[in-house]
1. Please give the number of the condition Gln90 fails out of (1) more than 24 Å from Ala236 (Cβ to Cβ); (2) part of a helix (DSSP H, G or I); (3) among the polar types (S, T, N, Q); (4) within 16 Å of the ligand (Cβ to nearest atom).
2. Out of Thr160, Thr180, Thr155, Thr197, which single residue is closer than 17 Å to Thr36 by Cβ, polar (S, T, N, Q) and without any contact (Cβ under 8 Å) to a residue 60 or more places away in the chain?
3. Which ones in segment 86-134 are crowded, with 19+ Cβ neighbours inside 10 Å, of a type in the set (Gly, Ala, Ser) and more than 22 Å from Leu222 (Cα to Cα)?
Amino acid sequence: MKIFICKTAEQVADTANKIFREVVKTKPDALLGLATGSTPLGLYQKMAEDCRKGITTYKDIRTVNLDEYVGLDGTHEQSYRYFMNTNLFQKIDVQMSNTRVLSGVAPDLQKECEDYSAYLAGNPPDIQLLGIGGNGHIAFNEPGTPFDSRTHIVTLKENTIADNARFFSDISKVPRKALTMGIADIMSAKKIVLLATGKNKAQAVFDMCEKPISPDCPASALRNHPNVIVVIDSDAASKIL
Ligand code: F6R
């Protein structure tokens, strides 16, 4: 695991953008694994800027996303499909038909998960972007999730529901279930880039890097992967320095 510590969140975004730019330059039809949440927003702005300036074209890339809420379709403003469309896909020249996000309204959610895992088994992402939860979760894989998990349905923990409530008018509107890539799906990516910014991520970053590798901290699984780059700001790094 390589760790880059940047002074600011802006530099984290810039560093991540350079890594993604290189992957797309080397392989124009790369499969990019993407994430939602507040952490990747700076990176997505930089990718959009690169596209606008003609530095990078994403016209042949394919994408997969980590997760989606159950019960929200892509027109719901809090769905992860909507997030990706508005924060990235509509701002770059990717072909929408090449973007894949789990459907939280699929008639058979179990099948949706199995199809997604089967796709990933045949198409390992060239690069997978991750954020990290305050409790060490990656995607919606909460502490206790087995490292051999594939894409599955999860019941969200109370603290994750509370964390996400800020995006909904009322906590009762936060979906209780989600679909998520499993830890084994994530680990199948050829390269993984995990971003973290802010003091509220410092403990999770410490646990990921320093505590024993165990499902108690899902992100610690990344230490078993041969090609992981962690890009964090000095606040998120404050407990490992
Ligand atoms: C997002 C995801 C989550 C977030 C994590 C951090 O697709 O799977 O695991 O990466 O909850 O979220 P932020 O970036 O909002 O702090």
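1. Evaluating Gln90 over (1) more than 24 Å from Ala236 (Cβ to Cβ); (2) part of a helix (DSSP H, G or I); (3) among the polar types (S, T, N, Q); (4) within 16 Å of the ligand (Cβ to nearest atom) leaves (4) as the failure.
2. Values: Thr180 fails: without any contact (Cβ under 8 Å) to a residue 60 or more places away in the chain; Thr155 fails: closer than 17 Å to Thr36 by Cβ; Thr197 fails: without any contact (Cβ under 8 Å) to a residue 60 or more places away in the chain.
When all the criteria are applied, what remains is Thr160.
3. Result: Ser103, Gly104.
Here, each number is a calculation from the coordinates, and none is a lab measurement. This structure is a prediction, so every number in the text was calculated from the model and none was measured. Methodologically, a virtual Cβ is constructed for each residue, glycine included, from the backbone with ideal geometry; neighbour enumeration extends over all protein chains shown.
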